[in-house]
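Below you'll find the structure, written out as structure tokens, and then a few comments.
The values are calculated or read from the model by the stated rules, or taken from the named source; none is laboratory data. Just so it is clear, the model here is predicted, and its values are computed rather than measured. Positions of Cβ are backbone-derived with ideal geometry, glycine not excepted, and every protein chain shown enters the neighbour counts. The protein model used for the area step is the full one, side chains on, heavy atoms only, and it has no ligands, DNA or RNA in it. Shrake-Rupley method; radii C 1.70, N 1.55, O 1.52, S 1.80 Å.
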Amino acid sequence: MEHILSRREASEAVHDCGWRFLLGTLRTSVSVRSLAQAVRVAADAVAACGSDADRHLLVDARPDRVVFTLQSSVHAAVTAKDVELARRISLAVDRTGLLTAPEIGTGAPRSVQLLEIAIDALDIAAVRPFWRAVLGYAGEAGAEGVEDPLVDPVGQGPAVWFQQMDRARPQRNRIHFDVCVPHDEAPRRIDAALAAGGRLVSATRAPAFWVLADVEGNEACVTTWQGRDG
């Protein structure tokens, strides 16, 4: 039985080797100069993980970067094995002269992140099956409750989750984006959104999430793993 780590345990275990904890995953990025180099880096990571690669590692290889994601496919959570694999991958990347990093303050377009779509609903059990079917999504491993998120089974699209409404609010947008970023990236992202004309709607649940809105009141949340454990 793999030991599942808490949010804080997972974040602190890999912070020093350039990984970040996001929504039950560990993520990092490696800057490369070509797709051929990206494929070589990906192959090195797979070799470093050995037989555990198929159950824990996802790779997105592009001409300018490789994004690695670690999560136990059995538990849909970060385990001690994922931390071990993160360190193995970082060592393998380091031997090539490259670096695993969340890309904070390096001039990269943005840090690693995950996108969720939140749908407000009066009857989650009634609307969840529609979204599962129309998107071709599935529940996370071992999670099929009405409050559990729907996820893309091939890992390409954003997760979708449902927020319980207490009454109908026809004048308020009922779908909004949640942008999950590394905890040390959140202040910069919020400042950028405010400088771009946005406004802060609420910070009462920070650092779990900040509610922001554009000039017409359409909302988005910047979220982190922090502030969610009791």
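Take the residues in region 1-42 that are closer than 22 Å to P109 by Cα, aliphatic (A, V, I, L, M) and free of Cβ contacts under 8 Å to residues at least 60 places away in the same chain; name whichever of them is surrounded by the most Cβ atoms within 10 Å (Cβ to Cβ). That would be V41. Of all the listed residues (A76, A45), the sole one being touching a residue at least 40 places away in the same chain (Cβ under 8 Å) and crowded, with 21+ Cβ neighbours inside 10 Å is A45. Considering D166, D184, the condition of being part of a loop (DSSP other than H, G, I, E, B), among the acidic types (D, E) and within 25 Å of L122 (Cα to Cα) is satisfied by D166 alone. Would region 211-219 turn up any residue that is polar (S, T, N, Q), surrounded by 13 or more Cβ atoms within 10 Å (Cβ to Cβ) and within 19 Å of the chain's Cα centre (by Cα)? So far as region 211-219 goes, no, none of its residues is polar (S, T, N, Q), surrounded by 13 or more Cβ atoms within 10 Å (Cβ to Cβ) and within 19 Å of the chain's Cα centre (by Cα). Scan region 73-94 and give yes if some residue there is assigned to a loop (DSSP other than H, G, I, E, B) and of a type in the set (D, E), otherwise no. No, the conditions are met nowhere in region 73-94. Taking R65, is it more than 14 Å from the chain's Cα centre (by Cα), touching a residue at least 12 places away in the same chain (Cβ under 8 Å) and under 28 Å from Q226 (Cα atoms)? Taking the combined requirement at face value, the residue satisfies it.
Taking residues in region 115-137 that are assigned to a strand (DSSP E or B), and partners anywhere that are among the basic types (K, R) and surrounded by fewer than 17 Cβ atoms within 10 Å (Cβ to Cβ), the pairs with Cβ atoms closer than 7 Å and at least 6 places apart or on different chains are I119/R174; D120/R174. Just one of (1) over 23 Å from I4 (Cα atoms); (2) modelled with pLDDT of 90 or more; (3) not hydrophobic (A, V, I, L, M, F, W, C) fails for D123. It is (2). Close contacts from region 151-172, counting a first residue that is touching a residue at least 60 places away in the same chain (Cβ under 8 Å) and a second that is in a strand (DSSP E or B) and among the charged types (D, E, K, R), with Cβ to Cβ under 9 Å and a gap of 6+ residues or different chains, come to G155/D60; A159/E116; A159/D178. Close contacts from region 195-215, counting a first residue that is free of Cβ contacts under 8 Å to residues at least 24 places away in the same chain and farther than 20 Å from R7 by Cβ and a second that is of a type in the set (K, R) and open to solvent by 50 Å² or more (accessible area, probe 1.4 Å), with Cβ to Cβ under 6 Å and a gap of 6+ residues or different chains, come to A213/R199. Only one entry of A192, A203 meets the criterion of being open to solvent by 40 Å² or more (accessible area, probe 1.4 Å) and at pLDDT below 95, and that entry is A192.
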